[in-house]
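Reviewing the structure listed below.
The values are calculated or read from the model by the stated rules, or taken from the named source; none is laboratory data. Because the structure is predicted, anything quoted here is derived from the model rather than measured. Cβ placement follows ideal geometry from the backbone for every residue including glycine, while neighbour counts extend to all protein chains displayed.
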Amino acid sequence: MYNFEYHQAKSVAEASELSLKTEEGKLMAGGMTLIPTLKQRLAKPSDIIDLGKIAELKGIKKEGNTIVIGAMTRHFDVAYSDIVKSAIPALAHLAGHIGDPHVRNRGTMGGSIANSDPAADYPAGVVALNATLTTNKRTIKADDFFKGLFETALEPGEILTQVAFNIPDKAWYMKFPNPASRYAVVGAFVAKFGSEVRVAITGAGSYVFRQKAFEAALTKSFTPEAIKDIVQPQDALNSDIHASAEYRAHLVNVMARRAVAHANTL
Amino acid sequence: MPTVTITVNGKPETREVENRTLLVQFLRESIGLTGTHVGCDTSQCGACVVHIDGYSAKSCTMLATQVNGSNVKTIEGLADGDKLHPMQEAFRENHGLQCGFCTPGMVMSAVYLLEVNKKPNEQEIRSWLEGNICRCTGYHNIVKAIAACADAMAKA
Ligand SMILES: Cc1cc2nc3c(=O)[nH]c(=O)nc-3n(C[C@H](O)[C@H](O)[C@H](O)COP(=O)(O)OP(=O)(O)OC[C@H]3O[C@@H](n4cnc5c(N)ncnc54)[C@H](O)[C@@H]3O)c2cc1C
Ligand code: FES
Ligand code: FES
């Protein structure tokens, strides 16, 4: 690992200022993605700005029809939260199946969302639950947040502070995990709000996307059979040592069907 | 160089470190507690698991500066003098180790599991161990040891 300057930010404002004024400053949340990246010398930040001690970024609360989660809230806290478990059990399930217990004890929601890793779980929840993301500068709708492989709408100095997830009538998340890392080979988050259905797919493409053909069919009939014969196109899907694009396309349909079936049992 | 003070197994330890010093390097090289192992160095194997302020974490994926001021417990801090911790005792009784390389992390992980879930079933134990890799035992006796420890602690 290359060496760097280290700062423990006391507030969001201070962290933002430091990340702008340092040469190549990098924010650090749980470090579960960033530290492995540094160890492999895939990044060489001049400064690390640790968000770990900023209390205002942690916490879970119910506000109207949403569950609001602070960016620095750990996966462990979301998985075990009574508020999340009763309002959006699918989200608690998602957080509880990220990596392993020790990763969940350090890794944060904000770090997972801000990173837009193609195989991360949280982006599927953000998009399917049509969440509103708040930063130190503005609010961003889920559909406008993820821009590409490891790319989001966040600008330099912009810090994700909290995310408001809409409480659905029914929802579930189903993933086919990589057997070693537990990252999603393919994950499908399905959510029903009144007559509207949203389906977000992670793991399959270069970043999270909505499966609109599934959404249209599920709006008419919220059953696994409704999407059984809809073929996920392979052209934009990932192909790597873990799974071919053809296999991933197949999994997209299977995971979405299983998510719908389970959502209907809740 | 920055100075950190980390309370390790109840004893405050103040040392100079580099900003890039990992917690596991601090424990093994600065303090000399070599019970915490490095198996993979890629955050996957769990041989380096310790407790930070009560919860389990991979010490190869944390900076010493991040835990400045925290309480860290390592495998060396579990036994009470010559008396093994019930989890260590259960691993011994149930032959839950062979080469022993993964064992410190396994034991620290298992101790934390019983803090979160006092009576885990077999499936819960197995899925908890997703972050702890063992190349020797095939896990069976590790799972048995953890279940036996949960029983013993329930009776105690
Ligand atoms: C062994 C292992 C298994 C894993 N398995 C899974 C899995 O199954 N599914 C899954 O989804 N993930 C998995 N992860 C990743 C894990 O969820 C990470 O915790 C997460 O991706 C990043 O969160 P973090 O808090 O650790 O962020 P960090 O690593 O600290 O930061 C990640 C990036 O986000 C930026 N960032 C962090 N917080 C903010 C913020 N508030 N505002 C703006 N930018 C910010 C940082 O600058 C950095 O670029 C795994 C990780 C490991 C080590
Ligand atoms: S050495 Fe830390 S997880 Fe393997
Ligand atoms: S006992 Fe040898 S690696 Fe687990």
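Name the one entry in B:Lys83, B:Lys73 that is over 12 Å from the mean Cα position of the chain (by Cα), surrounded by fewer than 24 Cβ atoms within 10 Å (Cβ to Cβ) and more than 9 Å from every other protein chain (Cβ to nearest Cβ).
B:Lys83
Under 30 Å from A:Pro179 (Cβ atoms), within 10 Å of chain A (Cβ to nearest Cβ), more than 16 Å from ligand 3 (Cβ to nearest atom) and part of a loop (DSSP other than H, G, I, E, B): does that describe B:Ser56?
When the stated conditions are applied, B:Ser56 does not pass them.
Does B:Ala47 meet the test of being touching a Gly at 6+ places or on another chain (Cβ under 6 Å) and either crowded, with 17+ Cβ neighbours inside 10 Å or in the same structural domain as B:Ala145 (by TED's automatic domain parsing) (or both)?
Yes.
Give the number of residues within the stretch B:4-30 that are surrounded by fewer than 14 Cβ atoms within 10 Å (Cβ to Cβ), assigned to a strand (DSSP E or B) and touching a residue at least 60 places away in the same chain (Cβ under 8 Å).
Residues that pass the stated criteria total 1.
Go over the candidates B:Thr61, B:Thr42 one by one and state the one that is of a type outside the set (Asp, Glu), within 16 Å of ligand 1 (Cβ to nearest atom) and surrounded by fewer than 21 Cβ atoms within 10 Å (Cβ to Cβ).
It is B:Thr42.
Hey, among B:Asn121, B:Asn117, which residue is away from ligand 3 (no atom under 14 Å from the Cβ) and away from chain A (no Cβ under 14 Å)?
B:Asn121
Step by step: first the residues of the stretch A:52-81, then only those that are out of contact with any Lys or Arg (no Cβ under 9 Å at 6 or more places or on another chain) and assigned to a loop (DSSP other than H, G, I, E, B), then the one that is surrounded by the fewest Cβ atoms within 10 Å (Cβ to Cβ). Which residue is that?
A:Gly64
Go through the stretch A:152-196 residue by residue and tally those that are basic (Lys, Arg), touching a strand residue (DSSP E or B) at 6+ places or on another chain (Cβ under 6 Å) and within 14 Å of another protein chain (Cβ to nearest Cβ).
Count: 1.
Looking only at residues in the stretch A:1-49 that are more than 9 Å from chain B (Cβ to nearest Cβ) and part of a strand (DSSP E or B), which one is nearest to the chain's Cα centre (by Cα)?
It comes out as A:Leu27.
Okay, residues lined up against (1) within 10 Å of chain A (Cβ to nearest Cβ); (2) farther than 26 Å from A:Ser46 by Cβ:
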| site | (1), (2) |
| --- | --- |
| B:Phe26 | no, no |
| B:Leu33 | no, yes |
| B:Gly39 | no, yes |
| B:Thr42 | yes, no |
| B:Leu63 | yes, no |
